[in-house]
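Engineer: Sharing a structure with you now.
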Amino acid sequence: MIIQKTREEIELMRESALIVSKTLGMIASEIKEGVTTLYLDKRAEEFIKDHGAVPSFLGLYGFPNSLCMSPNSQVVHGIPNNKPLESGDVISVDCGAFKNGYHGDHAYSFEIGDVAPETKKLLQVTKESLYVGIRELRIGNRVEDVGNAIQKYTEAHGYGVVRELVGHGVGQKMHEDPEMPNYGKRGRGKLFIEGMVVAIEPMINMGTKNIKQHKDGWTITTADGKPSAHFEHDVAIIDGKPEILSTFAYIYKELGIVSNEEDEFRKIPLVL
């Protein structure tokens, strides 16, 4: 059952989502060659707590850390460790924060040093597909309209769309209805309603769509060892249209990136 949120609840969720966005902005200022993912994880845990929230992922279903950090061929759910990042790596950083009874859930794939052009393109197309999907989150559409849009956009570039892992509703629980696959057929799935909030998160592979899970019970990699990309926003339906609650703006500020990609999904301009 889709849980409809009031405007007041959505504003509480926006606060949680922006704590995650600020955390990823802090990560953007520190993520570089030679840094370990475990160090970044500890920094994120401290940052979230300093902002009056609790890391959503820490202990969730038994997960041991505050960030899911998934480099290169890892798709999602990577466990932070002491291996230093290297130039040429790309890494998905997925973060959650719980405050005022609601979760925020948000992810970005970062480049470390000199990244291969074909991998840069994978990240670019995956991020573009996120917004292609968000445009379909509106009254009158259904769940698979979002997935179909993401699938068509990324498969047109020859990429593989992961099937086993999907986006989801978010609220008082980290994972709520509906599941939000990144593939599908138009006109299928649950009908969108006013006040729903979902995490849309394309997980796109450079090669095969197939994945494998490792013995640690968490780490998931591409079956062919090629890179994967992952981007995620929290999005609410307000007045029948999608409104992004999270933002990449804190990341872009640290990285010196100028972008207006989120403007169409905001009624009020974001003030950092």
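The values are calculated or read from the model by the stated rules, or taken from the named source; none is laboratory data. Predicted model, so just to flag it, every value in this text is computed and none were measured. Neighbour counts are summed over all protein chains in view; Cβ atoms, including those assigned to glycine, are modelled from backbone coordinates with ideal geometry. When the accessible area is computed, the model is the full protein with side chains, heavy atoms only, and any ligands, DNA or RNA have been set aside. Shrake-Rupley method; radii C 1.70, N 1.55, O 1.52, S 1.80 Å.
Engineer: Hydropathy at least 0.0 by Kyte-Doolittle, axial extent at least 20 angstrom from the Cα trace: which helices of the chain, defined as entire DSSP H runs, fit?
Structural biologist: 7-30
Engineer: Also: May I ask you to list the lysines whose Cα is less than 16 Å away from that of Lys173, ignoring any residue fewer than eight positions away on the same chain?
Structural biologist: Qualifying lysines at Cα under 16 Å: Lys5, Lys99.
Engineer: Once you place label points 7 Å from the Cα toward the Cβ at Leu165 and Lys121, how far apart are they in nm?
Structural biologist: Inter-label distance under the simple model: 2.3 nm.
Engineer: Identify the trypsin sites (Lys or Arg not before Pro) of segment 1-107 meeting these criteria: DSSP loop state and at most 16 other C-beta atoms within 10 Å of the C-beta.
Structural biologist: Lys32
Engineer: Let me ask something else. Mind ordering 119-131, 198-210 by average Cβ neighbours within 10 Å, highest first?
Structural biologist: Ranked from most to least packed, the peptides come out as 198-210, 119-131.
Engineer: Go ahead and run the numbers for FRET between Ala156 and Gln213, Cβ-Cβ distance against an R0 of 30 Å, rounding to 0.05.
Structural biologist: 0.60
Engineer: While we're looking at this one, here's another question. At 222 nm, what helix-only mean residue ellipticity would the chain give, in deg cm²/dmol to the nearest 500, using -39500 (n - 2.57) for each DSSP H run of four or more?
Structural biologist: Rounded to the nearest 500, it is -9000 deg cm²/dmol.
Engineer: Around Ala107, what is the net charge, scoring Lys/Arg as +1 and Asp/Glu as -1 over all other residues with Cβ under 9 Å from its Cβ?
Structural biologist: -4
Engineer: Same structure, new question: Counting only protein heavy atoms and using a 1.4 Å probe, what share of the accessible area of the chain belongs to carbon plus sulfur, as a whole percent?
Structural biologist: Whole-percent figure for carbon plus sulfur exposure: 51.
Engineer: Let me ask something additional. Stokes-Einstein at 4 °C, 1.567 mPa s, Kirkwood radius from Cα pairs: D for segment 38-176 in µm² s⁻¹?
Structural biologist: Once the numbers are plugged in, D ends up at 78 µm²/s.
Engineer: For segment 184-259, what does the accessible surface come to per residue with a 1.4 Å probe? Please give it in Å².
Structural biologist: 42
Engineer: Step through the residues of segment 101-112 one at a time and calculate ³J(HN,Hα) from phi using the Karplus curve (6.51 cos²θ - 1.76 cosθ + 1.60, θ = phi - 60°), rounding each to whole Hz and writing x for Gly and Pro.
Structural biologist: For segment 101-112, the Karplus curve yields x, 9, 9, x, 8, 7, 9, 8, 9, 9, 9, 10 Hz.
Engineer: Can you give the net charge of the other residues whose Cβ lies under 10 Å from the Cβ of Glu33, counting K and R as +1 and D and E as -1?
Structural biologist: Surrounding charge for Glu33 is -2.
Engineer: Moving to a separate point now. Report D for the chain in µm² per second (integer): Stokes-Einstein, Kirkwood Rh on Cα pairs, 25 °C, 0.890 mPa s.
Structural biologist: 134
Engineer: Find the all-direction average of the projected area of the Cα convex hull for segment 9-77, expressing the result in square nanometres with one decimal place.
Structural biologist: 5.4
Engineer: His157's amide H: which non-local residues (gap 5+, or another chain) put their own amide H closer than 5 Å, with H modeled 1.01 Å from N in plane and none for Pro or chain starts?
Structural biologist: none
Engineer: May I pose another question? Add +1 for every Lys or Arg and -1 for every Asp or Glu among the other residues with Cβ under 11 Å from the Cβ of His157, and state the total.
Structural biologist: -1
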